[in-house]
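I have a structure I would like to understand better, so I am pasting it below and will then ask my questions one at a time.
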Amino acid sequence: MKEVCVITGGGSGMGLAVARYMGHNKIVILSGRTMGKLEKAVEKLTAEGIEAYAHTCDTSSRESVAALADFALTKGAIRNVINAAGLSPTMAKPEQLLRVNALGTVYVNQEFSRRMESGGVIVDISSNSAYVLPKFLISYKLYALADTDEELFIKKFVVRSNLPKGDYQKSGLAYAFSKNFVVWYASKCACEYGKKGIRVCSISPGLIDTDMGNAEKSEGGSMLKYTAQGRMGKSDELGYCIATVADERNGYLAGVDVLVDGGATTTKKYGFIK
Ligand SMILES: NC(=O)c1ccc[n+]([C@@H]2O[C@H](COP(=O)([O-])OP(=O)(O)OC[C@H]3O[C@@H](n4cnc5c(N)ncnc54)[C@H](OP(=O)(O)O)[C@@H]3O)[C@@H](O)[C@H]2O)c1
């Protein structure tokens, strides 16, 4: 049976970049909310010799994610899920950011892991914004609500996100909460699904030259000066890194976050670049 790699947010940016690496030996399914974008991306991959399909899915809806997973099964055994769907602070208000980035990860991990066999790998895309929250704002007890009471989870984090003044600051805080949650949740899932032979990791990119990265550059680009190379990352560099984490030869990499931000978070922490 053929093996399938499903990429949420696969119509553009890092999702499309990773499709080029995953597609050399797997069927690729690209998903997102906009069919026109997905079709264009599939056309490009097909011209490169990759077997690819487009399927719309809004990851903030469990039903939509379940339908995507069922569609994927009709193409073969689901081996990899790259969860790259996401919204950034300039794109949405706190509630939508939390629903797509945080609850979307819950739905993707749960619905796909139910349909995957041993040897499967899920990679959830977080952000180096996951690392900017002060410790006192992080509550794993509240994160656990995402599995038990989704609406209370949203309510608690919308209230917290609305504490700062300014729309961008509110959305920025919601984004940081949602991405910090992704790192925590991927680790939780790694432990839960590990018994079934499914590996889960997260990846936290820094500022990357995708549509989203360029939209965030002016307001959210303050970390750029801390990068070792003094530049944004390239979507292809992230595509390669994500594919490497998903590769079966990395079988002992589980429950961790891979921070791919040109060293920005670490050089800032150690004070190497001021
Ligand atoms: N670029 C950066 O600087 C950066 C930095 C750190 C983390 N990240 C994260 O990396 C991931 C990929 O982002 P990117 O930079 O490659 O940006 P991108 O090109 O904008 O890709 C994001 C994709 O997600 C899809 N999407 C948005 N909301 C969705 C939803 N509700 N359901 C399904 N798909 C949805 C979008 O397509 P539709 O609009 O058609 O649905 C889009 O194709 C995101 O999770 C982002 O938060 C990016």
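Which percent of Cα pairs goes in each bin when the distances of segment 181-273 are cut into 5 angstrom slices starting at zero?
Whole-percent P(r) values from 0 Å outward: 3, 14, 19, 20, 18, 14, 9, 4, 1.
Would you mind finding the longest exposed-site-free stretch of the chain, with exposed chymotrypsin sites (Phe, Trp or Tyr not before Pro) meaning DSSP loop and at most 14 other Cβ atoms within 10 Å?
Longest site-free region, per DSSP loop and neighbour criteria: 1-251.
Here's a follow-up. Could you state the angle between the C-alpha long axis of helix 150-161 and the longest principal axis of the C-alpha atoms of the chain, as a value from 0 to 90 degrees rounded to the nearest 10?
40
Now for a different question. Under the rule of -39500 (n - 2.57) per DSSP H run of 4 or more residues, summed and divided by the residues of the chain, what mean residue ellipticity at 222 nm is obtained, to the nearest 500 deg cm²/dmol?
Per the formula, -14000 deg cm²/dmol.
Separate question: How large is the convex hull of the Cα atoms of the chain per residue, expressed in Å³ as a whole number?
For the chain, the hull spanned by Cα atoms encloses 123 Å³ per residue.
Could you run the Karplus curve 6.51 cos²θ - 1.76 cosθ + 1.60 with θ = phi - 60° over segment 96-104 and give me ³J(HN,Hα) per residue in whole Hz, x for Gly and Pro?
Once θ is set to phi - 60°, the couplings for segment 96-104 become 5, 4, 5, 5, 6, 6, 8, 5, x Hz.
Additional query: For ASP147, ASP236, ASP261, ASP167, what's the largest-to-smallest order of accessible area, 1.4 Å probe?
Values: ASP147 60, ASP236 85, ASP261 10, ASP167 120 Å².
Descending order: ASP167, ASP236, ASP147, ASP261.
Just the accessible area per residue of the chain, please: how many Å² with a 1.4 Å probe?
Working: 12620 Å² over 274 residues.
Per residue, the chain has an accessible area of 46 Å².
Sticking with this one: Exposed loop GluC sites (Glu not before Pro) only (DSSP loop, at most 12 other Cβ atoms within 10 Å): please give the longest stretch of the chain free of them, not including the sites.
Maximal segment without exposed cleavage sites: 118-274.
Taking the Cβ-Cβ separation of LEU224 and THR74 as r and a Förster radius of 41 Å, what is the calculated FRET efficiency to the nearest 0.05?
E(calc), rounded to 0.05, equals 0.40.
Do the alpha carbons of any pairs in LYS26/LYS188; LYS135/LYS188; LYS37/LYS274; LYS44/LYS196; LYS26/LYS196 sit beyond 29 Å of each other, and which pairs?
Going by Cα-Cα distance, LYS37/LYS274; LYS44/LYS196 fall outside the 29 Å limit.
OK, next. With the full set of protein chains in place, find how many percent of the accessible area of segment 1-156 is carbon and sulfur; take the probe as 1.4 Å. List each step's numbers first, then the result.
On the way: 3500 of 6640 Å².
C and S fraction of accessible area: 53 percent.
Next question, about the same structure. Compute the whole-percent fraction of alpha carbon pairs in segment 1-148 spaced more than 27 Å apart.
Values: 2341 of 10878 pairs.
Within segment 1-148, distances greater than 27 Å cover 22 percent of Cα pairs.
Another question, then. Calculate, in whole percent, how much of the Cα-Cα pair population of segment 37-120 lies beyond 14 Å.
67
Suppose each label sits 7 Å from its Cα in the direction of the beta carbon; what would the ASN250-TYR270 distance come out to in nanometres?
2.2
So how far, in whole Å, is the C-alpha centre of segment 1-24 from the one of segment 104-140?
Centre-to-centre distance over Cα atoms comes out at 18 Å.
The values are calculated or read from the model by the stated rules, or taken from the named source; none is laboratory data. Model, not experiment: these values are computed from the prediction. Don't worry about glycine lacking a Cβ; one is built from the backbone with ideal geometry, like all the others, and counts go over all protein chains shown. Keep in mind that these areas ignore ligands, DNA and RNA; they rest on the heavy atoms of the full protein, side chains included. Shrake-Rupley method; radii C 1.70, N 1.55, O 1.52, S 1.80 Å.
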